[in-house]
1. Looking at the stretch 387-432 only, could you name the residues that are within 27 Å of residue 365 (Cβ to Cβ) and β-branched (Val, Ile, Thr)?
2. Suppose the filter is touching a helix residue (DSSP H, G or I) at 6+ places or on another chain (Cβ under 6 Å), farther than 17 Å from residue 164 by Cα and crowded, with 18+ Cβ neighbours inside 10 Å; does residue 140 pass it?
3. Can you name the number of the only condition in (1) among the aromatic types (Phe, Trp, Tyr); (2) modelled with pLDDT of 95 or more; (3) surrounded by fewer than 18 Cβ atoms within 10 Å (Cβ to Cβ) that residue 190 fails?
4. Can you pull out every residue in the stretch 246-261 that is out of contact with any Leu (no Cβ under 7 Å at 6 or more places or on another chain) and modelled with pLDDT of 95 or more?
5. Can you work out which of the residues in the stretch 290-325 that are hydroxyl-bearing (Ser, Thr, Tyr) and modelled with pLDDT under 80 is nearest to residue 209 (Cα to Cα)?
6. Among residues belonging to the stretch 390-410 that are under 19 Å from the mean Cα position of the chain (by Cα) and not aliphatic (A, V, I, L, M), point out the one that is nearest to residue 325 (Cα to Cα).
7. Go through the stretch 143-169 and count every residue that is among the hydroxyl-bearing types (Ser, Thr, Tyr) and crowded, with 20+ Cβ neighbours inside 10 Å.
8. Could you run through the stretch 193-238 and say how many residues are free of Cβ contacts under 8 Å to residues at least 60 places away in the same chain and closer than 16 Å to residue 322 by Cβ?
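The values are calculated or read from the model by the stated rules, or taken from the named source; none is laboratory data. This is a predicted model, so every value here is computed, not measured. For neighbour counting, all protein chains shown are included, and Cβ atoms are generated from backbone atoms with ideal geometry for every residue, glycine included.
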Amino acid sequence: MKKKRYIYGIILGLALTCITACSTKKEDTTISQPKDQDSNINEDQTDTLSIMDEFHALISDGTSIKEIAAYIHKNIAVATGEEVSEMILKLEELHTNRREKEEEKYLAEAVQKGFDAIDRTGIDINQVDSIKDEAIKKLVIESKENGYKIETVEGYYFPIIDYSFYQQFSSYATPEIKDYINIMEVESDYAFAKAEILMIGWDEVVNRIILMEKFLNQYPESDKADYMKLKYDNYVFISLYGLNIPPLFDNKMSEDAKKAYATSLTQSKDSKFLKLLDEFMTLVEKNDYELTEEVDRFRKANTNSILYEDNETSKDPNRYQVAGIDDADEFDETYELLRAALSDNDKDTFADHIAYPINVIINGKKTEIKNKEVFLKNFDEIMNEDMKHIFLNQKLEDFFVNYQGIMVGNGQFWLNQLVGTKYKFSIYAINN
């Protein structure tokens, strides 16, 4: 499971930071009319206080998500929109904090094999009624009752937050949190990528960018604005670069992307992203749809946020925060170590910093390198002179950083902080 952290980054992007949301109060028309106004105010305040106090007690005492959700459902009609929003965000925070504990139930080899056997039959592993294996069925039911769904990447099965779980509450929340849940439900229902493979169409990439841009424009002071901006930036990166499969450019620009972007540009140009996309496509057309240095400069210059000139993330002392790296200086030291090893032909040190297994091209064919020994055997073909030149000449200040990690060159190498590798920072992708 050593690439577990990277897999989550690919599917979900970044870890959520859940803070109480603020928005307008929602009226409840189902409560009976009071005998007099003053007594109603006092009664409502007392009821609301007791509801929220009990909710916070449930959150802090280890109560199951299933039971907390039942409590919210029972009391939702007499809570304000702000209070429902607070309960949703606190529940989301609890969901996030408990996900790793939930995942522990899936780590056993017997469980993984059980899911694999079901998956091989073509049965949807989230459709409980179709599962015959009673142990797996019980596990899926328990996860679903607690608001998780089952995801799989490269044969590994694990739970993720199911944001459709929140739809039972979001209609009572503030417009801001309702819009947030709608965006997140799409993200959890249809993962944009798995194992470096883009799972949605180029048109859907644009649609998601526009939805996130709209959220940021409508709710610039939202507690979710920073998180949404990071997701927005990630999608802008994908729109201009693609992923390993497919890249946006492979000799020429992807025909599918070209058609999807042309259709998107028939929409209103009120969107800042669509204005950017229009400039990009004009430039690409001028360059005969090839990835020239001019096109590459444009996309490198426009893969930070284009919504805000004041990019707080870029001011953070941890300049690699978006990639999940907790010590930027330590990462830079590791990169300098690898650069020195490559320069000195110290193949052993370089190979120690590879996250195995890793896919590379050998003799013109995509090949899985399972361990260090195989990597060393094929070192000179994988790390040819062109690849060495790219790695050695990468400037630290010119690193491109996003949720996937730190990119070297134009994507020839990707590095990140990974779990289970020999060293803290490793190379997890080599596109030679």
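1. If the condition is that a residue be within 27 Å of residue 365 (Cβ to Cβ) and β-branched (Val, Ile, Thr), then 390, 408, 421, 427, 430 are the ones that fit.
2. Details: touching a helix residue (DSSP H, G or I) at 6+ places or on another chain (Cβ under 6 Å): yes; farther than 17 Å from residue 164 by Cα: no; crowded, with 18+ Cβ neighbours inside 10 Å: yes.
The answer is no for residue 140.
3. Condition (2) is where residue 190 drops out.
4. So the first thing to find is which residues in the stretch 246-261 are out of contact with any Leu (no Cβ under 7 Å at 6 or more places or on another chain), and the list is 247, 250-253, 255-256, 258-260.
If the condition is that a residue be out of contact with any Leu (no Cβ under 7 Å at 6 or more places or on another chain) and modelled with pLDDT of 95 or more, then 253, 255, 256, 258, 259, 260 are the ones that fit.
5. Filtering first and then ranking leaves 305.
6. From the stretch 390-410, those under 19 Å from the mean Cα position of the chain (by Cα) are 400-407; that's our starting set.
Imposing the further condition that a residue be not aliphatic (A, V, I, L, M) reduces the set to 400, 402-405.
On the way: 400: 14, 402: 11, 403: 10, 404: 11, 405: 8 Å.
The qualifying residue nearest to residue 325 (Cα to Cα) is 405.
7. Total meeting the criteria: 5.
8. 5
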